[in-house]
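Working notes, structure below.
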Amino acid sequence: MTLTTRIVVAMVLGIALGSCIKIIHDQSILGTAIDYFLFDLLANGLFDIVGQIFIASLRLVIVPLVFVSLVCGVVSIATTSQIGRITVKTLSLYLLTTAIAITLALCFAILVQPGVGVDMALPQTFEPREAPGLKDVIIGIFPTNPIAAMAEGNMLQIIIFSLFFGVALKGAGEFAMPLQQTFERLNKVILKLVTILIELAPYGVFSLLLTLFATQGIGVIGDLAKYFFLLLLVLILHGFLTYGLFISLVARLNPLIFFNKMKSVALFAFSTSSSSATMPVTLQAVRDKLGVNSSVSSFTVPLGATINMDGTAIMQGVATVFISQAFNIDISFTGYLMVILTATLASIGTAGVPGVGLIMLAMVLEQVGLPVEGIALIIGVDRLLDMTRTAVNVCGDAMVSCLVGKSENEFNSEIFYSKN
Ligand code: ASP
């Protein structure tokens, strides 16, 4: 079986068994002893432990992977002006695709009106998190202490430090050559580690989904069906249509091959709900399956996993309209423009871990004067949607990587069109 098939089988089994355990638990069908064994010891015990260890192992490789592969990538780039060009292109494309995503979300939500007729009882409490000011955010990107940045896993700071370090390493010339080679060797070892972890994915995916579906069934969709399925539709449309168009019209590549090669990455993102935990897998696929040279992919992928969240922006757009309709508060046209702007910023600020997009939604709601308590309305179905939007988030990173790689001649079409 290929890896993708094994992951799919693990997903189906995890969802099916998890759902069975939930039914048995909810209806106390088999008595307390068996229920205790299935629900507490297996779903919430053993498989939860395996799932959490799997996520921890993925996160474990992120910092060394980003640092080492980005330094190697920068060293292999011809000039510093090329680094500047790659940065500008990547950031512009990330912003553009996110703005398209949120506009699409707003259009559909205004048309379908998912929140009209929702019986709105004001939920009791929801504590919004204070959003940091723009000035602090910009200053905060630049590290004062690289070790602290790595210890905290502050991705943007790590990226900046790695860029500087890579430029300096290249600039140091002949004398620093042995260090360059050491980085290349380290890179090989870390990539081997990633490959080993990917091989273990089916077990991790099975455990994660079993625990999730044993504790949270799909019954929670209930009243929120219109919101849920509309959001799903926009996510799918953006993932296939927008990305497909960019891949075929701008990169001039076959989108079917792109989607086919992204299958296992998307499944990974779906199961972990974390673009950051999926990042090692995305990086490997973008380089080894899609053919984007590491000089570009080692920069675009970690950056994308940190700031590019199209799926999250879509959720924030649909959720804002939904909440405004549920509370019967009209957002004017300028209000919608504000949503596009703030949701783009909010998605940039969203960390690539489960559920953070919903927390950042508070910033969008506050900006357009909607009650932040509205978040409590949709929180119940968010975990399931988070899985899909994370898959869209990582596909967006890969798509932009292809575009930038292609435009910089840092792209290997043979790898893209090969069968691997
Ligand atoms: N789970 C998402 C991600 O990791 C972020 C979010 O929307 O909550 O990409």
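Where a number appears in this text, it was derived from the coordinates with a stated rule and is not lab data. Everything numeric in this text was worked out from a predicted model, so none of it was measured. With ideal geometry, Cβ positions are generated from the backbone for all residues, glycine too; neighbour counts draw on all protein chains shown.
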At 1.306 mPa s and 10 °C, Stokes diffusion of the chain via Kirkwood alpha-carbon radius, µm² per second: 71
Neighbour count of at most 14 Cβ within 10 Å plus DSSP loop: longest trypsin sites (Lys or Arg not before Pro)-free window in the chain: 253-418
Compactness of the range 30-84, expressed as Rg and Dmax over alpha-carbon positions, Å: 22.2, 69
P(r) of the range 189-306 over all Cα-Cα pairs, binned every 10 Å from zero, in whole percent: 12, 35, 34, 17, 3
Local electrostatic count, residue 272, Cβ distance below 13 Å [Lys/Arg +1, Asp/Glu -1]: +2
The chain: angle of helix 375-407 to the longest principal axis, Cα-based, in degrees nearest 10: 20
Helix axis angle, 155-171 relative to the chain longest principal axis, alpha carbon, degrees: 10
Helix-only [θ]222 nm of the chain, DSSP H runs n ≥ 4, -39500 (n - 2.57) each, per residue, nearest 500: -24500 deg cm²/dmol
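What shape does the range 326-420 take by its C-alpha gyration tensor, where a ≥ b ≥ c are the square roots of the eigenvalues and a/c under 1.5 counts as rounded, a/b above b/c as prolate, and the rest as oblate?
Judged from the Cα gyration tensor, the range 326-420 comes out prolate (a/c at least 1.5, a/b above b/c).
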Normalised contact order of the chain, rounded percent, pairs of Cα under 8 Å and 6 or more residues apart: 29
Between the range 218-272 and the range 282-359, the Cα center-to-center distance that results, in Å: 13
Angle between the chain longest axis and helix 3-27 axis [Cα atoms, degrees, rounded to 10]: 30
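Within the set of other residues whose C-beta is less than 11 Å from the C-beta of residue 285, count the net charge using Lys and Arg as +1 and Asp and Glu as -1.
Its environment carries a net charge of +2.
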Packing-based exposure ordering (other Cβ within 10 Å, fewest first) of 136, 223, 288: 136, 223, 288
